[in-house]
Each structure stands twice: as C-alpha cells, then as structure tokens.
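Presented below is the structure to which this report refers.
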Amino acid sequence: MAEMSRRAATFADVGMIHRELMELIDSMPYYGDTFKAHEKARLDRTFLRTLITIDPWHVMILELDGKPGGFLISGPECGTVFQFWSCIFPAFRKSSLGMYGMRAFVEHFDNHRFHKASTFVRPENKVALALLRRYGYEQVALLENHIFGEDYCVLERKFTKAIEGYDHGM
C-alpha cells in the first residue's frame, strides 16, 4: 500500500511548486484569461518564498511514497487561513492524495490560531465543491461578478480558536 505523507515546503521546493502551479492555472477551464494572468503574476516565486518565511506549512507538500504528488497553498488573512490553491499532480490524480491533503490541511491548521479556513471556488468546479463539502466546508456566499466579472462561491470551515490574538503573518 502506498504511504501518504505531508511536509512543510522549503526554499528548495519553490521552483517545483511554482512550475506545477503555473501549469495548473493554465489548465483550469473554470477561469478566464484575465484571472489566470493575474494569478500567475501574483503567485510568483517571491510570493511563495514569503509564505514559507511566514510559516513553511502555508506551502504544504503532499507526498506519495516519498515523492511530491501535490501541494496546498494558503496564507493568513485577518484571523482566517485562506486556501489559495490546491493541486494534485497529474500522475497522482487517481490516488487518494487529494482526500489525504484535505484532511492534512484541516488537521494542521485547526490548531487554535485561526477561527476558520476559507476559499473561493468557481460554481462550475463541481469536483472542488464536492471535495470541500466532504471535509466540512460550507458555502456561505455566492459572489456575483466578483473577480474580473466572474462568480465565486465562498466556502468556509469553522476551526477551534483558543489562542488569544490573531495570526498576522510576519
């Protein structure tokens, strides 16, 4: 049986993560060209290194038998941990690494620092919506014409916040 694991990213992972993230953004049928260009410019190597500096777990590497098979990218956002992107590499998409990654993300970040996790998903992305709902996320809003004129669902999962104050990143 394949062994799944997770680890925090290192600066040595940035090139691989950036390459896979750019390919993912390009391949997504749910987003328009303006959004794709914006995301590719925003999520550059400096952005990824900054997230790793804030907390290396904000770029969580998912592994199958010790080989990188995907990642989740997140960041602190006013007391919330915002899930920017998640990706399972094409060669690993028939595995259960995506489900493992969602459990790993929730287990790691429901750590009393954040009151919830949130993310945006295009309404047409039925697979992502189903996966998020399976792991306790609820749709709390539909933002019409929100980002470059496209609709987005806001999904959130409540966490147990027990530490006073908020995580402000750096």
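Tabulated data for the structure shown
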{"item": "Rg and Dmax [Cα atoms of the chain; Å; Rg one decimal, Dmax integer]", "result": "15.4, 45"}
{"item": "Whole-percent carbon and sulfur share, accessible surface of the chain, 1.4 Å", "result": "54 percent"}
{"item": "Proximal lysines relative to Lys161, as straight alpha-carbon distance under 19 Å, when same-chain residues fewer than 8 apart are discounted", "result": "Lys116"}
{"item": "CD proxy at 222 nm, helix term only [per DSSP H run n ≥ 4: -39500 (n - 2.57); per residue of the chain; nearest 500]", "result": "-10000 deg cm²/dmol"}
{"item": "Met99 accessible area, assembled protein chains, probe 1.4 Å, Å²", "result": "60 Å²"}
{"item": "All aspartates and glutamates inside 19 Å of Lys67 as judged from Cα atoms, apart from same-chain residues fewer than 8 positions distant", "result": "Glu3, Asp13, Glu20, Glu23"}
{"item": "Rounded to 5, the percent of DSSP beta bridges in the chain classed as antiparallel", "result": "90 percent"}
{"item": "Simple label model, 7 Å out from Cα along Cβ direction - Cys78 to Ser96, nm", "result": "3.8 nm"}
{"item": "Nearby lysines by direct alpha-carbon distance to Lys36 (threshold 24 angstrom, same-chain neighbours under 8 apart not counted)", "result": "Lys126"}
{"item": "Extension gain (nm, one decimal) between Thr10 and Ala141, 0.36 nm per residue minus Cα-Cα", "result": "43.7 nm"}
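The values are calculated or read from the model by the stated rules, or taken from the named source; none is laboratory data. Because the structure is a prediction, the values reported are computed rather than measured. Because the Cβ atoms are built from the backbone with ideal geometry, glycine has one as well, and the counts that use them run over all protein chains shown. In case anyone asks, the SASA skips ligands and DNA or RNA and just uses the protein heavy atoms, side chains included. Shrake-Rupley method; radii C 1.70, N 1.55, O 1.52, S 1.80 Å.
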